[in-house]
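Take a look at the structure below.
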Amino acid sequence: MIADPTFYYLAVPAILITGIAKGGFCSPLGMLSVPIAALVIDPVTAAAIMLPILVSMDLIGLVVYRGKANRHILTHMLPFAICGVGLGWLLADKMNEEVIRLALGLVALGFVLNYFFLARQPKDGKPGGTVSAAIWGTLTGFTSFIAHAGNPPYQIYALPMRLPPIQFAATMVYFFAITNLVKLIPYFALGQFSRENLTTTLTLLPLAPIGVGIGVLLVRALDQNLFYKLAYGAMLLVSIKLCYDGVLSLF
């Protein structure tokens, strides 16, 4: 078990924020958990500690949002996301994580800026086609495998559909529950689940239902227009953070 108290000062709020995001509120903020924990420990260890906690949050979300997910997103994107996880596993020893973070941040930033300054979103958007699902689904699985950072590409596909907040949150929960369960296999094969990591995970695990519960309550209380403004705003913050981390590491 990690003994450094500084780690827990950062990990506790990071997990609560992640739980709120997993509950469906400002979901892009959920991907900040690994970068926050990585301020004290290495990113690989942070990702390994977080994965079982993410799975537990997903299972809670599945109970809360049972039967409310959008089938189009699940049937069109999930197969490609699983392929993306496999691709991440295949290239695990060959990837420059920071270059990928920077590229992902730039794509997400362009998407959000387009929404705020150029695009006029219809009240109810149309689902993307197969090519769009293949691109963003594969990127979701790939970046999710690297550092649990699959939210921006997922949101690029899902946000324009303008689903009702409950359905949007439910679909995200179903999607990442399956993706994270699949990720357990390569993480185990790569030796990420050491005794120290798992003990630390179990210590932090009780925070998971608290965060998810807060997120669910916030989703149910919000007006749809406000929900989407907050979702895009959260994604803007995350995209800036990704770009900042990527540029800092390269230069």
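State whether the residues of segment 92-111 include one that is open to solvent by less than 60 Å² (accessible area, probe 1.4 Å) and modelled with pLDDT of 90 or more.
No: zero hits.
Scan (1) over 17 Å from the mean Cα position of the chain (by Cα); (2) modelled with pLDDT of 85 or more; (3) assigned to a helix (DSSP H, G or I) for the single condition G137 breaks and write down its number.
(1)
Kindly indicate whether any position in segment 63-75 is under 19 Å from S249 (Cβ atoms) and either of a type outside the set (F, W, Y) or part of a helix (DSSP H, G or I) (or both).
Within segment 63-75, none of the residues are under 19 Å from S249 (Cβ atoms) and either of a type outside the set (F, W, Y) or part of a helix (DSSP H, G or I) (or both).
So A48 passes all but one of these: (1) at pLDDT below 90; (2) open to solvent by 30 Å² or more (accessible area, probe 1.4 Å). Which condition number does it fail?
(2) is the only condition that A48 fails.
Failed condition for G211, given (1) under 18 Å from T143 (Cα atoms); (2) open to solvent by less than 40 Å² (accessible area, probe 1.4 Å); (3) small (G, A, S), with all others met?
(1)
Return the only residue of I20, I36 being of a type in the set (A, V, I, L, M), closer than 17 Å to Q155 by Cβ, open to solvent by 10 Å² or more (accessible area, probe 1.4 Å) and part of a helix (DSSP H, G or I).
After ruling out the rest, the residue left standing is I20.
Is there any pair with a first residue in segment 104-126 that is under 20 Å from T140 (Cα atoms) and a second that is modelled with pLDDT of 70 or more and outside any helix (DSSP H, G or I) whose Cβ atoms are under 8 Å apart and which are 6 or more apart or on different chains, and what are they?
L104/A149
Can we say I166 is at pLDDT 90 or above, under 18 Å from the mean Cα position of the chain (by Cα) and of a type outside the set (S, T, N, Q)?
no
Among the residues that make up segment 210-231, is at least one of them modelled with pLDDT of 90 or more, among the small types (G, A, S) and under 27 Å from T6 (Cα atoms)?
Taking every residue of segment 210-231 in turn, at least one turns out to be modelled with pLDDT of 90 or more, among the small types (G, A, S) and under 27 Å from T6 (Cα atoms).
Looking for something of a type outside the set (S, T, Y) and within 17 Å of the chain's Cα centre (by Cα) - is there at least one such residue anywhere in segment 186-207?
no
Condition first: open to solvent by 50 Å² or more (accessible area, probe 1.4 Å), under 22 Å from I166 (Cα atoms), at pLDDT 90 or above and over 16 Å from the mean Cα position of the chain (by Cα). Can you find one or more residues in segment 73-84 that meet it?
Yes, segment 73-84 has at least one match.
In segment 37-64, how many are aliphatic (A, V, I, L, M), without any contact (Cβ under 8 Å) to a residue 24 or more places away in the chain and out of contact with any helix residue (DSSP H, G or I) (no Cβ under 7 Å at 6 or more places or on another chain)?
1
Under the condition of being among the basic types (K, R) and open to solvent by 10 Å² or more (accessible area, probe 1.4 Å), which residue from segment 150-206 is farthest from A3 (Cα to Cα)?
R162
The values are calculated or read from the model by the stated rules, or taken from the named source; none is laboratory data. Here the structure is a predicted model, which means the values were calculated and not measured. For neighbour counting, all protein chains shown are included, and Cβ atoms are generated from backbone atoms with ideal geometry for every residue, glycine included. Surface areas here come from the heavy atoms of the whole protein model, side chains and all, with no ligands, DNA or RNA. Shrake-Rupley method; radii C 1.70, N 1.55, O 1.52, S 1.80 Å.
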